[in-house]
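*Asks:* Submitted below is the structure of interest, expressed as C-alpha coordinates.
The values are calculated or read from the model by the stated rules, or taken from the named source; none is laboratory data. It should be emphasised that the depicted structure is a prediction, and the values quoted were computed from it without experimental measurement. So basically every Cβ, Gly included, is an ideal-geometry build from the backbone, and we count neighbours across all protein chains shown. SASA here: full protein model, heavy atoms, side chains in, ligands and nucleic acids out. Shrake-Rupley method; radii C 1.70, N 1.55, O 1.52, S 1.80 Å.
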There are 2 protein chains.
Amino acid sequence: MRPLVHPAIEDVRPEAILHALSDPSRAAIFARISGAGSVQACASLSALGDRVIPKSSLSSHFKVLREAGLIRSERQGVEMRNHSRCAEVEARFPGLLGAIMSAYASQGCGTAGKTEGA
Amino acid sequence: MRPLVHPAIEDVRPEAILHALSDPSRAAIFARISGAGSVQACASLSALGDRVIPKSSLSSHFKVLREAGLIRSERQGVEMRNHSRCAEVEARFPGLLGAIMSAYASQGCGTAGKTEGA
DNA sequence: TCTACTAGTTCCGAAATTCCGAACTATGGG
DNA sequence: CCCATAGTTCGGAATTTCGGAACTAGTAGA
(Lines give C-alpha, C1' and ligand atoms only; values in the text may rest on other atoms or scores of the structure.)
Protein backbone atom coordinates (compact mmCIF):
# COMPACT_ATOMS: atom_id res chain seq x y z
CA MET A 1 0.00 0.00 0.00
CA ARG A 2 1.52 3.19 -1.10
CA PRO A 3 1.60 6.09 1.32
CA LEU A 4 -1.25 8.60 1.31
CA VAL A 5 -0.75 11.75 -0.72
CA HIS A 6 -1.87 15.10 0.71
CA PRO A 7 -1.12 18.22 -1.29
CA ALA A 8 0.19 21.24 0.58
CA ILE A 9 -2.54 23.82 0.85
CA GLU A 10 -0.74 26.15 -1.53
CA ASP A 11 -0.74 23.44 -4.19
CA VAL A 12 -4.48 22.96 -4.03
CA ARG A 13 -6.18 23.95 -7.29
CA PRO A 14 -9.72 25.27 -7.58
CA GLU A 15 -10.48 22.97 -10.52
CA ALA A 16 -9.59 19.96 -8.38
CA ILE A 17 -11.96 21.09 -5.65
CA LEU A 18 -14.78 21.76 -8.09
CA HIS A 19 -14.23 18.46 -9.80
CA ALA A 20 -14.18 16.58 -6.50
CA LEU A 21 -17.39 18.21 -5.31
CA SER A 22 -19.17 18.04 -8.66
CA ASP A 23 -20.08 14.48 -7.81
CA PRO A 24 -23.05 14.45 -5.43
CA SER A 25 -21.81 11.31 -3.66
CA ARG A 26 -18.47 12.90 -2.96
CA ALA A 27 -20.12 16.12 -1.88
CA ALA A 28 -22.27 14.14 0.54
CA ILE A 29 -19.24 12.30 1.89
CA PHE A 30 -17.40 15.55 2.36
CA ALA A 31 -20.39 17.09 4.08
CA ARG A 32 -20.51 14.19 6.52
CA ILE A 33 -16.81 14.41 7.29
CA SER A 34 -17.04 18.16 7.78
CA GLY A 35 -20.12 17.86 9.92
CA ALA A 36 -19.10 14.95 12.14
CA GLY A 37 -16.54 16.64 14.37
CA SER A 38 -14.01 16.32 11.56
CA VAL A 39 -13.45 12.60 11.92
CA GLN A 40 -15.13 9.71 10.19
CA ALA A 41 -14.13 6.24 9.03
CA CYS A 42 -14.78 5.20 5.46
CA ALA A 43 -17.05 2.30 6.24
CA SER A 44 -19.55 4.51 8.02
CA LEU A 45 -20.22 6.22 4.71
CA SER A 46 -21.08 3.33 2.46
CA ALA A 47 -24.75 4.20 2.48
CA LEU A 48 -25.56 7.80 1.63
CA GLY A 49 -29.16 8.64 1.06
CA ASP A 50 -30.65 5.96 -1.13
CA ARG A 51 -27.52 4.72 -2.83
CA VAL A 52 -25.15 1.97 -1.74
CA ILE A 53 -21.62 2.73 -2.83
CA PRO A 54 -19.34 -0.29 -3.36
CA LYS A 55 -16.11 -0.36 -1.37
CA SER A 56 -13.85 0.14 -4.34
CA SER A 57 -15.78 3.19 -5.50
CA LEU A 58 -15.78 4.58 -2.00
CA SER A 59 -12.04 4.15 -1.82
CA SER A 60 -11.52 6.09 -5.01
CA HIS A 61 -13.92 8.83 -3.88
CA PHE A 62 -11.75 9.26 -0.79
CA LYS A 63 -8.69 9.38 -2.95
CA VAL A 64 -10.18 12.13 -5.09
CA LEU A 65 -11.19 14.18 -2.05
CA ARG A 66 -7.77 13.67 -0.50
CA GLU A 67 -5.82 14.62 -3.60
CA ALA A 68 -8.02 17.65 -4.15
CA GLY A 69 -6.89 18.83 -0.71
CA LEU A 70 -10.33 18.61 0.87
CA ILE A 71 -9.64 15.95 3.47
CA ARG A 72 -6.74 14.48 5.35
CA SER A 73 -6.69 10.73 5.99
CA GLU A 74 -4.59 8.76 8.38
CA ARG A 75 -4.53 5.14 9.26
CA GLN A 76 -5.40 4.37 12.86
CA GLY A 77 -5.32 0.67 13.55
CA VAL A 78 -7.50 -1.10 11.02
CA GLU A 79 -9.47 1.90 10.04
CA MET A 80 -8.94 5.22 8.37
CA ARG A 81 -9.65 8.51 10.11
CA ASN A 82 -10.72 11.29 7.79
CA HIS A 83 -10.57 14.93 8.79
CA SER A 84 -11.86 17.75 6.71
CA ARG A 85 -9.36 20.43 5.74
CA CYS A 86 -12.10 23.08 5.68
CA ALA A 87 -10.20 25.65 7.65
CA GLU A 88 -7.15 25.54 5.42
CA VAL A 89 -9.22 25.60 2.26
CA GLU A 90 -11.31 28.45 3.64
CA ALA A 91 -8.16 30.46 4.25
CA ARG A 92 -6.99 29.87 0.73
CA PHE A 93 -10.31 30.23 -1.11
CA PRO A 94 -12.60 32.24 1.14
CA GLY A 95 -16.26 31.40 0.93
CA LEU A 96 -15.83 28.62 -1.59
CA LEU A 97 -16.75 25.59 0.48
CA GLY A 98 -19.53 27.37 2.29
CA ALA A 99 -21.15 28.45 -0.97
CA ILE A 100 -20.84 25.02 -2.53
CA MET A 101 -22.18 23.14 0.44
CA SER A 102 -25.08 25.47 0.92
CA ALA A 103 -25.91 25.24 -2.78
CA TYR A 104 -26.21 21.48 -2.37
CA ALA A 105 -28.12 21.87 0.89
CA SER A 106 -30.56 24.34 -0.64
CA GLN A 107 -31.71 21.86 -3.23
CA GLY A 108 -32.16 19.11 -0.71
CA CYS A 109 -29.29 16.80 -1.57
CA GLY A 110 -28.97 14.15 1.11
CA THR A 111 -26.51 15.07 3.81
CA ALA A 112 -24.99 18.34 2.67
CA GLY A 113 -24.72 21.73 4.28
CA LYS A 114 -22.69 21.70 7.46
CA THR A 115 -19.38 23.07 6.36
CA GLU A 116 -19.01 25.95 8.76
CA GLY A 117 -17.96 23.78 11.67
CA ALA A 118 -14.23 23.86 10.95
CA MET B 1 -29.57 22.43 -36.09
CA ARG B 2 -31.57 21.60 -33.08
CA PRO B 3 -32.89 24.42 -30.95
CA LEU B 4 -30.87 25.63 -27.97
CA VAL B 5 -31.75 24.21 -24.57
CA HIS B 6 -31.81 26.48 -21.53
CA PRO B 7 -32.90 25.05 -18.21
CA ALA B 8 -35.25 27.11 -16.07
CA ILE B 9 -33.36 28.54 -13.13
CA GLU B 10 -35.19 26.30 -10.69
CA ASP B 11 -33.99 23.24 -12.60
CA VAL B 12 -30.36 24.24 -12.37
CA ARG B 13 -28.39 21.85 -10.22
CA PRO B 14 -25.24 22.59 -8.24
CA GLU B 15 -23.39 19.54 -9.55
CA ALA B 16 -23.91 20.75 -13.11
CA ILE B 17 -22.47 24.15 -12.25
CA LEU B 18 -19.49 22.66 -10.46
CA HIS B 19 -18.88 20.25 -13.27
CA ALA B 20 -19.09 22.99 -15.87
CA LEU B 21 -16.69 25.23 -14.01
CA SER B 22 -14.30 22.46 -12.99
CA ASP B 23 -12.71 22.79 -16.40
CA PRO B 24 -10.37 25.78 -16.45
CA SER B 25 -11.10 26.52 -20.10
CA ARG B 26 -14.81 26.69 -19.42
CA ALA B 27 -14.24 28.75 -16.31
CA ALA B 28 -12.18 31.18 -18.36
CA ILE B 29 -14.86 31.34 -21.05
CA PHE B 30 -17.51 31.98 -18.44
CA ALA B 31 -15.38 34.66 -16.81
CA ARG B 32 -15.03 36.42 -20.15
CA ILE B 33 -18.73 36.28 -20.86
CA SER B 34 -19.55 37.56 -17.40
CA GLY B 35 -16.98 40.29 -17.61
CA ALA B 36 -17.66 41.56 -21.12
CA GLY B 37 -20.92 43.40 -20.57
CA SER B 38 -22.72 40.05 -20.68
CA VAL B 39 -22.35 39.53 -24.42
CA GLN B 40 -19.70 37.71 -26.36
CA ALA B 41 -19.54 35.68 -29.54
CA CYS B 42 -17.97 32.24 -29.53
CA ALA B 43 -15.23 32.98 -32.02
CA SER B 44 -13.78 35.72 -29.86
CA LEU B 45 -12.93 33.06 -27.29
CA SER B 46 -10.98 30.57 -29.31
CA ALA B 47 -7.70 31.64 -27.78
CA LEU B 48 -7.67 31.73 -24.01
CA GLY B 49 -4.33 32.21 -22.38
CA ASP B 50 -1.84 30.00 -24.15
CA ARG B 51 -4.18 27.36 -25.47
CA VAL B 52 -5.97 27.28 -28.81
CA ILE B 53 -9.31 25.53 -28.51
CA PRO B 54 -10.62 23.85 -31.66
CA LYS B 55 -14.05 24.94 -32.88
CA SER B 56 -15.76 21.68 -32.08
CA SER B 57 -14.47 21.65 -28.52
CA LEU B 58 -15.47 25.25 -28.08
CA SER B 59 -18.94 24.44 -29.28
CA SER B 60 -19.31 21.65 -26.74
CA HIS B 61 -17.95 23.87 -23.96
CA PHE B 62 -20.69 26.35 -24.73
CA LYS B 63 -23.20 23.57 -24.70
CA VAL B 64 -22.06 22.46 -21.25
CA LEU B 65 -22.21 25.99 -19.88
CA ARG B 66 -25.63 26.52 -21.41
CA GLU B 67 -27.11 23.29 -20.13
CA ALA B 68 -25.66 23.91 -16.69
CA GLY B 69 -27.70 27.14 -16.64
CA LEU B 70 -24.68 29.43 -16.55
CA ILE B 71 -25.19 31.19 -19.85
CA ARG B 72 -27.94 31.97 -22.28
CA SER B 73 -27.17 31.81 -25.99
CA GLU B 74 -29.13 33.17 -28.89
CA ARG B 75 -28.44 33.25 -32.54
CA GLN B 76 -28.13 36.72 -34.00
CA GLY B 77 -27.38 36.65 -37.68
CA VAL B 78 -24.33 34.48 -38.29
CA GLU B 79 -23.08 34.61 -34.81
CA MET B 80 -24.11 33.57 -31.36
CA ARG B 81 -24.64 36.03 -28.55
CA ASN B 82 -23.84 34.66 -25.14
CA HIS B 83 -25.11 36.29 -21.95
CA SER B 84 -24.17 35.20 -18.51
CA ARG B 85 -27.01 34.16 -16.20
CA CYS B 86 -25.06 35.32 -13.16
CA ALA B 87 -27.88 37.24 -11.57
CA GLU B 88 -30.31 34.35 -11.74
CA VAL B 89 -27.74 31.87 -10.48
CA GLU B 90 -26.73 34.26 -7.72
CA ALA B 91 -30.33 34.46 -6.59
CA ARG B 92 -30.61 30.70 -6.50
CA PHE B 93 -27.19 29.86 -5.07
CA PRO B 94 -25.96 32.96 -3.25
CA GLY B 95 -22.21 33.50 -3.29
CA LEU B 96 -21.45 30.44 -5.38
CA LEU B 97 -20.25 32.04 -8.58
CA GLY B 98 -18.39 34.80 -6.80
CA ALA B 99 -16.49 32.32 -4.65
CA ILE B 100 -15.63 30.08 -7.57
CA MET B 101 -14.48 32.87 -9.83
CA SER B 102 -12.38 34.49 -7.18
CA ALA B 103 -10.82 31.14 -6.32
CA TYR B 104 -9.69 30.89 -9.91
CA ALA B 105 -8.61 34.50 -9.98
CA SER B 106 -6.62 34.17 -6.79
CA GLN B 107 -4.40 31.53 -8.27
CA GLY B 108 -3.80 33.48 -11.43
CA CYS B 109 -5.79 31.55 -13.97
CA GLY B 110 -5.94 33.55 -17.18
CA THR B 111 -9.06 35.64 -17.46
CA ALA B 112 -11.05 34.79 -14.38
CA GLY B 113 -12.49 36.91 -11.61
CA LYS B 114 -15.04 39.41 -12.87
CA THR B 115 -18.29 37.80 -12.03
CA GLU B 116 -19.93 40.54 -10.03
CA GLY B 117 -20.88 42.62 -13.06
CA ALA B 118 -24.23 41.01 -13.74
C1' DT C 1 -29.47 33.36 -58.42
C1' DC C 2 -25.09 31.37 -57.76
C1' DT C 3 -20.77 31.50 -55.27
C1' DA C 4 -17.94 32.45 -51.60
C1' DC C 5 -17.12 33.37 -46.94
C1' DT C 6 -17.90 33.31 -41.95
C1' DA C 7 -19.81 31.32 -37.58
C1' DG C 8 -21.04 27.47 -35.41
C1' DT C 9 -22.89 22.50 -35.08
C1' DT C 10 -22.87 17.59 -35.71
C1' DC C 11 -20.74 13.16 -36.50
C1' DC C 12 -17.74 9.77 -35.20
C1' DG C 13 -13.47 7.41 -33.86
C1' DA C 14 -9.61 7.73 -30.51
C1' DA C 15 -8.14 8.75 -25.91
C1' DA C 16 -9.04 9.46 -21.18
C1' DT C 17 -12.12 8.67 -17.03
C1' DT C 18 -15.14 6.38 -14.18
C1' DC C 19 -17.30 2.41 -12.22
C1' DC C 20 -17.23 -1.78 -9.63
C1' DG C 21 -16.30 -6.89 -8.73
C1' DA C 22 -12.56 -9.80 -7.44
C1' DA C 23 -8.26 -10.37 -5.48
C1' DC C 24 -5.11 -8.39 -2.48
C1' DT C 25 -2.72 -5.98 1.80
C1' DA C 26 -2.57 -4.44 6.51
C1' DT C 27 -3.87 -4.60 11.35
C1' DG C 28 -5.81 -6.79 15.51
C1' DG C 29 -7.56 -10.71 18.21
C1' DG C 30 -7.85 -15.47 19.86
C1' DC D 1 -1.11 -19.33 12.94
C1' DC D 2 -5.83 -18.45 11.42
C1' DC D 3 -9.49 -15.56 10.95
C1' DA D 4 -12.07 -11.24 10.71
C1' DT D 5 -12.33 -6.41 9.56
C1' DA D 6 -11.10 -2.11 6.89
C1' DG D 7 -9.48 -0.49 2.99
C1' DT D 8 -6.59 -0.65 -1.53
C1' DT D 9 -5.33 -2.19 -6.07
C1' DC D 10 -6.16 -4.52 -10.45
C1' DG D 11 -8.40 -4.85 -14.70
C1' DG D 12 -12.03 -4.79 -17.96
C1' DA D 13 -16.54 -2.74 -19.30
C1' DA D 14 -19.17 1.50 -19.74
C1' DT D 15 -19.23 6.33 -20.09
C1' DT D 16 -17.31 10.85 -21.16
C1' DT D 17 -14.30 14.00 -23.48
C1' DC D 18 -11.45 15.60 -27.36
C1' DG D 19 -10.92 17.18 -31.92
C1' DG D 20 -10.81 16.67 -37.16
C1' DA D 21 -13.80 16.55 -41.12
C1' DA D 22 -18.02 17.35 -43.00
C1' DC D 23 -22.10 19.82 -42.56
C1' DT D 24 -25.74 23.84 -41.89
C1' DA D 25 -27.04 28.81 -41.60
C1' DG D 26 -26.73 33.57 -42.51
C1' DT D 27 -24.75 37.33 -45.38
C1' DA D 28 -22.53 39.79 -48.97
C1' DG D 29 -21.13 40.45 -53.77
C1' DA D 30 -21.30 39.67 -58.82
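*Asks:* Which value in deg cm²/dmol, rounded to the nearest 500, describes the helix-derived mean residue ellipticity at 222 nm for chain A, given -39,500 (n - 2.57) per DSSP H run of n ≥ 4 and division by the residue count?
*Replies:* The helix contribution divided over chain A gives -13000 deg cm²/dmol.
*Asks:* Using all alpha carbons of the protein assembly as shown, what is the percent of pairwise distances in each 10 Å bin, ordered from the shortest bin to the longest?
*Replies:* Pairs per bin, as whole percents: 8, 32, 32, 19, 7, 1, 0.
*Asks:* Please report, in cubic angstrom per residue, the volume enclosed by the convex hull of the alpha-carbon atoms of the range A:6-88.
*Replies:* About 85 Å³ per residue, rounded to a whole number.
*Asks:* Can I ask one more? Could you sort the residues of the range A:84-102 by number and keep only those whose accessible area is reduced by 10 Å² or more in the all-protein-chain setting relative to the chain alone, 1.4 Å probe?
*Replies:* A:R92, A:F93, A:P94, A:L96, A:A99, A:I100
*Asks:* Okay, next question. Say a label goes 7 Å from Cα toward Cβ at B:S59 in every copy; what distances in nm does this one have to the rest, shortest first?
*Replies:* Its label point is 4.2 nm from the equivalent points in the other copies.
*Asks:* Enter the accessible area per residue of the protein assembly as shown (Å², integer; probe 1.4 Å; all protein chains in place). Kindly include the intermediate steps, with their values, before the conclusion.
*Replies:* Working: 11620 Å² over 236 residues.
Using a 1.4 Å probe on heavy atoms only, each residue of the protein assembly as shown averages 49 Å².
*Asks:* In addition: Between B:I9 and B:E79, what is the label-to-label distance in nm when each label sits 7 Å out along the Cα-to-Cβ direction?
*Replies:* Label-label distance for B:I9 and B:E79, simple model: 2.7 nm.
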